[in-house]
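To start, the structure under review is shown below, and the notes come after it.
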Amino acid sequence: MKRKILLTTLAAATLSATEIQLETLGVESTRLTEVAQNVQTSADVAQALSTSVPSVDMSRRSGIANDIFIRGQKRDNITVEVDGAKIYGACPNRMDPPISHIVANQIDSIEVIEGPYDVESFGTLSGGVKIKTKRPTKKAKGQLNVGIGSFNYKKFGASASGGNDSIRVSASISTESSDQYKDGNGDTIAQQIDNYVATTSLAGTKKDPRLQPEYYNMQAYIKNSAMIKAFITTAKNQELRLSVTANRSDNVLYGNSKMDAIYDDSNIYSLEYNIDSLSESYKNINIQYYHSDVDHPMGTNYRMSSINPGGAVITNHLTTAMNGIKLKNSFESLGYKLLFGLDGSQRIWDGYYLKNGSTSTIANRKSINNTVTDDLALFAKLDKKYGNITLSLGARYDDTTVTNHTYQNNDYSSLGLSIMSSYNFNKENKIFLGVGQASRVPDARELYFSGSMGNLIGTPDLKKTTNSEIDLGYETNNEYVKLKVKAFYSSLKDYIYYNTNNKTTLMGVSVSKNAFENIDATIYGAEMSASYYINDDTTLDMGASYKRGQKDKALRGQTNTNLADIAPLRGVIALNYAYANNSLATLEVQSSAKWTKYDSDNGEQALNAWSILNLKVKHAVNKKFDLTLGVNNIFDENYAVSNTYADLVLLTGGGNVMLMNEPGRYIYTHLDFKF
C-alpha cells in the first residue's frame with residue numbers, strides 16, 4: 001500500500017526542481033506527464049527537459065529562452081509543436097528558440113520524439129517535441145503560484161478553468177523576472193563578459209561587447225505570458241476548440257553573443273474542429289488551422305560597441321510567421337488502427353539591418369529577404385498487434401518549395417518511412433526495434449542569410465538532409481525496478497554543417513561566405529533510465545546518455561572529423577523519500593564527463609567534467625497548499641554545459657570563443673495554492 005502512495009507522489013513530482021515526471025513509451029518517444037504549474041527555477045522548458053530526459057541536452061544562451069538538443073541534434077533537425085501548431089524562432093542566432101515560446105505552467109504533457117518516427121509533422125529529421133497545454137475543465141477550479149529565488153528571481157502565475165456541457169473555458173497568466181545570475185565564481189553575466197574581454201584586444205574598440213555602465217546591473221530578462229482556450233460542444237461527439245497564446249519577453253541579455261534581445265514577442269492561434277465516433281470503424285476526424293508569429297529585434301544597444309569611437313547601434317530586426325492546416329482521419333477495424341491525413345504549411349521569414357536606427361546607412365540592409373517555405377504532405381500510420389508482437393508502420397511524402405526575392409528558388413521532395421515493433425516476453429519484459437528514414441529541407445538562414453557587410457553567409461544550392469536510423473532497446477517494469485535501455489545508430493546524408501573556412505574578404509575584412517555545406521556523418525549512442533524501489537517510502541531514480549558523432553571525412557582545409565554539438569557521457573541520480581501526504585524530499589546529483597571529442601576546427605573547445613548536488617523538499621501542507629524549498633548546485637560549482645560550435649555567432653577575440661557558465665548556488669521557494 002505504501003508503495004502505491006510513493007508512486008503517486010512521484011507522479012506529481014520529478015527528479016529535478018522543474019517538476020516534470022517521466023513516463024516512457026515505445027521506441028520512438030519519451031512522454032512527460034503532469035508538468036506542474038509550480039516550476040521553481042524559471043519557466044524555461046529547455047531546462048526542464050534537459051534534467052528530465054536522458055536524450056535531451058540544453059544549450060545555454062541566457063538566463064532564460066535556452067535551446068535544446070535531442071541526441072546532439074538541434075535547430076531545424078528537430079521540430080516543436082504546441083497543441084499541434086508549429087512554431088519557429090525568428091532569430092538566426094537562436095535567441096528565441098521554438099521551445100521558448102511556451103512556458104511550463106501552461107503545459108499538461110510533453111512527448112519527446114527520439115528519431116525519425118513522427119510522420120505527422122513536417123521536418124522531423126532526428127527528433128521532436130510535442131507539447132500539449134492544459135485543457136479547459138467543466139468543473140470550476142483555479143491555481144495560484146508564487147516563486148522567489150536567488151538573483152532576485154520573482155514569479156507569479158494564475159490559472160482558472162470552468163464551464164458546462166456546452167462550453168468550457170480556461171485562462172492562465174504568468175510573469176517572471178530575474179537579475180543577472182552569478183556563476184560558481186560569483187560573476188554576473190556582465191562580469192563574465194568582462195573576464196573574457198580581459199583576455200582579448202576588444203576593449204575600447206567598435207567591437208567591444210562589454211555592457212555600458214548604465215546597463216551593467218540591468219535585469220537579465222522580463223517574461224510575461226498569457227493563454228486563453230475555449231472548447232465548445234456543437235453537437236454530440238463534436239467540438240470546436242479555440243486557443244490563443246501570447247508571450248512577451250523584454251531586454252534579454254545574451255552574455256557570450258554580440259547582441260541582446262530588445263524584445264521577443266510571439267503569438268500562437270489555433271482553430272480546431274474535432275468529431276469522434278462517426279461510425280463503428282470511423283473513430284475520429286480532426287481538422288486544425290493554426291498561425292504563429294514572432295517579432296524579434298536584436299541589437300548592440302546595451303554594449304560598449306555602440307558608443308565607442310567608430311561604433312554604432314546595430315540592429316537585426318527579424319520576423320517569422322507560420323500558417324498551417326492539418327486534416328487527420330482515424331479508423332479501427334479488425335484489430336487494425338489506421339491514421340491518414342493531409343498536412344500543409346507556409347513559413348515566411350524576413351529580416352533587415354539598422355544602423356543607428358536607419359536602413360539607409362547599411363549597404364545591404366536585408367539579413368533574410370522575405371523567404372517563403374511552402375510544404376504539402378500526405379501521411380499515414382498503421383498499427384496492429386499480433387499476440388505479443390506490436391507493429392507500427394508509417395509513411396510521409398512531402399513536396400516543398402523555398403522562394404526568395406534575391407537568390408535562386410529551390411524545390412524539394414521526400415519520402416519518409418518507418419517501422420516500429422515490440423515483443424513482450426511477459427507482462428514485465430519487452431524488447432523493441434525501430435527503423436526509419438526522414439528528411440528535412442534547408443531553412444532560410446542556411447540558404448540565404450546575409451551579414452551586415454553584404455556577405456552571403458548562406459548557401460543557396462544546399463540539398464535536403466536525410467536521416468536513416470535504427471533503434472533497439474529493452475524495457476522491464478516490475479515490483480522492484482523499472483528500467484529502459486535504448487541504443488541507436490543514425491546515418492546522415494547531406495547533413496547541413498557550418499564550415500569556418502568558407503570566407504571572403506570585404507573592405508579588407510575576412511567574413512563568412514557560403515558557410516553552410518552538405519556533408520555525410522553518423523551519430524550513435526545509448527540512453528538509460530531506471531527507477532529502483534528501495535522500500536515503501538524510498539526510490540532511486542537514474543538516467544544517463546552517451547553519444548558519438550563523426551563526419552565521414554574532414555571538411556575542406558580541416559583535419560577534425562568530430563561532429564559538433566555532441567555532448568559527452570552525462571547522467572543524473574536522485575534519491576527520493578516520500579512522507580506525510582504526497583510530500584517528497586529529493587537529493588539529486590547531476591554529472592558530465594569531460595568534453596574531449598569536439599570540433600576544434602569549427603569553434604568548439606575542451607570543457608571540464610562537472611558534478612552538482614541539488615536538494616528539494618516539496619511539502620504538502622494540505623490538499624490545497626504546497627510549499628517547496630530547494631537548493632540547486634549546493635557547492636557552488638563553476639561549470640559550462642554547452643559548447644561553442646561556430647554556427648552560433650558568439651564572442652571571439654582571436655582566442656577561444658566565450659563560454660557561458662551555468663548559475664552557481666541557487667536557493668528558491670515556491671508556494672502553490674489550488675482552489
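The values are calculated or read from the model by the stated rules, or taken from the named source; none is laboratory data. Note that the structure is a prediction, hence the values are computed from the model and not measured. Reconstructed Cβ throughout: ideal geometry from the backbone, glycine too, with neighbour counts over all protein chains shown.
Brief remarks on what is shown
- With respect to the conditions (1) crowded, with 20+ Cβ neighbours inside 10 Å; (2) within 30 Å of Val617 (Cα to Cα); (3) among the hydrophobic types (A, V, I, L, M, F, W, C), Phe488 falls short on a single one, namely (2).
- Test for Asp265: is it under 24 Å from Thr644 (Cα atoms) and crowded, with 16+ Cβ neighbours inside 10 Å: no
- Single condition Gln408 does not satisfy, out of (1) surrounded by fewer than 15 Cβ atoms within 10 Å (Cβ to Cβ); (2) farther than 26 Å from Tyr117 by Cβ; (3) in contact (Cβ under 8 Å) with a residue 24 or more places away in the chain; (4) touching a strand residue (DSSP E or B) at 6+ places or on another chain (Cβ under 9 Å): (4)
- Residue count for the stretch 334-390 under the criterion of being assigned to a loop (DSSP other than H, G, I, E, B) and of a type in the set (Gly, Ala, Ser): the result is 5.
- Taking strands (runs of 3 or more DSSP E) as the structural unit, those lying wholly within the stretch 48-158 and holding at least 1 residues that are touching a residue at least 24 places away in the same chain (Cβ under 8 Å) and either over 30 Å from Ala190 (Cβ atoms) or of a type in the set (Lys, Arg) (or both) correspond to 67-70, 79-82, 107-114, 127-133, 141-149.
- Filtering the stretch 81-103 to residues that are over 12 Å from the mean Cα position of the chain (by Cα) and farther than 22 Å from Tyr352 by Cβ leaves Asp83, Gly84, Ala85, Lys86.
- Note on the stretch 501-594: enclosed strands (runs of 3 or more DSSP E) holding 3 or more residues that are of a type outside the set (A, V, I, L, M, F, W, C) and modelled with pLDDT of 95 or more are 516-533, 538-551, 570-579, 583-592.
- Some residue of the stretch 181-202 being under 23 Å from Ile99 (Cα atoms), crowded, with 18+ Cβ neighbours inside 10 Å and of a type outside the set (A, V, I, L, M, F, W, C): yes
- Single match in Ser512, Ser531 (criterion: farther than 23 Å from Ser52 by Cα, of a type in the set (Ser, Thr, Tyr) and buried (at least 18 other Cβ atoms within 10 Å of the Cβ)): Ser512
- All conditions but one from (1) under 28 Å from Gly653 (Cβ atoms); (2) loosely packed, with under 15 Cβ neighbours inside 10 Å apply to Asn602; the one that does not is (2).
- Val617 β-branched (Val, Ile, Thr), assigned to a strand (DSSP E or B), out of contact with any helix residue (DSSP H, G or I) (no Cβ under 7 Å at 6 or more places or on another chain) and without any contact (Cβ under 8 Å) to a residue 12 or more places away in the chain: no
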